[in-house]
Each structure stands twice: as structure tokens, then as C-alpha cells.
Amino acid sequence: MRGTVRKISMPRRLVADLMHASIGVPFVSLTRALDVRPLLETRALAMQPPGWAAIFVKAFALVAKDEPVLRTLYAKWPWPSFYELPRSIAMVAIARVEDGHDCVLPQKVPSADASPLSEIDAQIRHAKNAPASEVPAFRKILRVTRLPLPLRRFMWLVGLNFGRQRANWFGSFGVTSVAAYGAGELHALSPGPFILSYGVVEPDQTINVVIRWDHRITDAALIAKTLTRLEQVLNSEIAAELRGQSQQAEQKPVRAVAT
């Protein structure tokens, strides 16, 4: 059948490179419904509630702060080893429209455990709404994506196989979701080592969360504990921060305006 040859856009070429880099990662998945009732009650009181992506980025970073394995990468060069990071670096999948086509670009969020939720949310919203040329993470990855295939493969080999470069390029964990488009369980692929995806808020006030991880780094028991701890952090530390923001907003004096 005669068809039409179409050029692959830069964002789609990036996805193709990501999928090529993900081929050799032995991913395993664990899904659990997290009860987030206390968080939902607090979030509903916020004047400007942060998006769920920001909430899960900070919550996972807080869990990883106390669990070094969740900040560990698998590096192949100069020999196979584990590379433990001093802090987490999140990569958030940002759904955008570029040149009239839907695409996904990764936004880097470093040290989320030490950053205010409002700041994390602002970074994610900026990455979603600003021109791609104004987002440093987008400019960096698209600059490499414009290279010819042999050079791209070489750059990806370096970025993936040295622990320090892997952290700079791909972070220590990813967050993605299709909740904005309705219910669904997403089992995403990436170079790893940890990918968290979340669904919609269910009528029973739970959210289904999927964690995919590189099985070379850890086993299911730790991930099960991580999901338990994640639920606790969402309903305690994250809810407390939102509560504090709401109280500050209520106490802020209102300036009188003369008429």
C-alpha cells in the first residue's frame, strides 16, 4: 500500500531515544491504592493547591531522603557498580503541544525534599506553559536530540553509564501520570531506576500508585515498604505543609484601598 513518509519531530525522536535507552532495564512493577483522605481534606482548604505531580515529587523525595537505595543508580562504567546520590533528583514528564503535535518532555526538579511545594509546583507549571526555549532542561535534551544518530547514541552511552552523568541527565526517579485525561494505570518506561505514576482520586479517597524499578538495585519488599511510607508522608509531612500555607494565607493582613 502506498503511504506518506513523514519527518519525525524532535520530541518524538527524543521518545524514540528514551525507549532505546530503556530496552536493557529489568523493570518490575508494584501497584497499590493509597488512602489519602487526610491529604485531600487539607488540600481542599488551600487557596492555590499544588498539582499532584508536585505533591508526589516532594513526597517521594522525602521518603528517599531516609532510604539511600531510592537514591541509587546502576552504572556500567568503568565497571558495574551502584552509585548512591546525596540527594534525589526528580524528572517529571511534562505533556505539551509542540508544532501542533502532542509530546512529552522531561523537567528536572532537584532536591525536592528541601524545596517548598509551591516552588516545585511553579517549576512544573512553568515547564508546561512556557516556550520550550525558556526551559533549561528542555533546551539541554533537545540540543542532544538534534545531533545525528551516531553522535546521539554516543552521548546517551556516556549519560547512561557513568553514575554522575546519569544523575545529571536522567535524575534518580521519574514521575508521570495520565490522570488529567481520566482513569488508567500507567506502566511507563524510562532509563530508570525508579518511576512513579499515579491515577485519579477514587470515590473512596484513594489514589492508585504504580512504582516501577530497576530490579538490579532492589527487591519488591523495599518497594512495598516505600509505598507504605509514601502514604504516611502524603498524609503527614505534605498535609502539614499545605495546612501551614493555608494558615499563613488566613493570617495575612488585608491592605485597605482608599476610594
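Within a Cβ distance under 11 Å of residue 75, other residues only, what is the Lys/Arg minus Asp/Glu net charge?
So the surrounding residues net to +3.
Determine the relative contact order of the range 167-227: mean sequence separation of Cα pairs under 8 Å and six or more apart, normalised by residue count, in whole percent.
Reported as a whole number, the value is 27 percent.
In debye, nearest 20, what is the charge dipole magnitude of the range 10-245 about its Cα centre with +1 on Lys and Arg Cβ and -1 on Asp and Glu Cβ, if you could check?
Working: 27 positive and 21 negative charges, 207 e Å.
That gives a dipole near 1000 debye.
If you fit an axis through the alpha-carbon atoms of helix 117-129 and take the longest principal axis of the Cα set of the chain, what angle between them do you get, 0 to 90°, nearest 10?
The angle comes out near 50 degrees.
In degrees from 0 to 90, rounded to the nearest 10, what is the angle of the helix 10-22 Cα long axis to the longest principal axis of the chain?
80
As I understand it, the dipole of the chain uses +1 on the Cβ of Lys and Arg and -1 on the Cβ of Asp and Glu, about the Cα centre. Which of 168, 144, 131 lies farthest toward its positive end?
Towards the positive end, the residue furthest out is 144.
Taking K and R as +1 and D and E as -1, what net charge do the other residues with C-beta under 10 Å from the C-beta of residue 65 add up to? Mind showing how you got there, number by number?
Values: positive: 71, 87; negative: 66, 67, 113.
For residues surrounding residue 65, the net value is -1.
For the peptides 56-68, 93-105, what is the packing order when you average, over each peptide's residues, the other Cβ atoms within 10 Å and list the highest mean first?
Order by mean packing, descending: 56-68, 93-105.
The list (1) 19.6, 74; (2) 16.7, 50; (3) 21.1, 64 gives values of Rg and Dmax of the Cα atoms in Å, and only one came from this structure; which label was calculated from it?
Here Rg and Dmax of the Cα atoms in Å agrees with entry (1).
Under the rule of -39500 (n - 2.57) per DSSP H run of 4 or more residues, summed and divided by the residues of the chain, what mean residue ellipticity at 222 nm is obtained, to the nearest 500 deg cm²/dmol?
-12500 deg cm²/dmol
Whole-Hz Karplus ³J(HN,Hα) for the range 103-108, in order, using 6.51 cos²θ - 1.76 cosθ + 1.60 and θ = phi - 60°, x for Gly and Pro?
7, 10, 10, x, 9, 8
Calculated FRET efficiency, residue 128 and residue 82, Cβ-Cβ r, R0 30 Å, to nearest 0.05?
0.35
Angle check, please: helix 136-145 long axis (alpha carbons) against the longest principal axis of the chain (alpha carbons), in degrees 0 to 90, nearest 10.
That works out to roughly 20 degrees.
Taking the mean number of other Cβ atoms within 10 Å as a proxy for protection, how do you rank 83-89, 71-77, 166-172, 142-148 from highest to lowest?
166-172, 71-77, 83-89, 142-148
When averaged across all projection directions, what area in nm² does the alpha-carbon convex hull of the range 57-134 cover?
So the mean shadow area of the Cα hull is 6.7 nm².
Lysine pairs in the range 10-245 with alpha-carbon atoms under 26 Å apart, 8 or more places apart or on different chains: how many are there?
Eligible lysine pairs with Cα atoms under 26 Å apart amount to 13.
Rule-based calculations on the coordinates, nothing more; no lab input. Source: prediction; values computed, not measured. All Cβ positions, glycine included, derive from the backbone under ideal geometry; neighbour counts span all protein chains shown.
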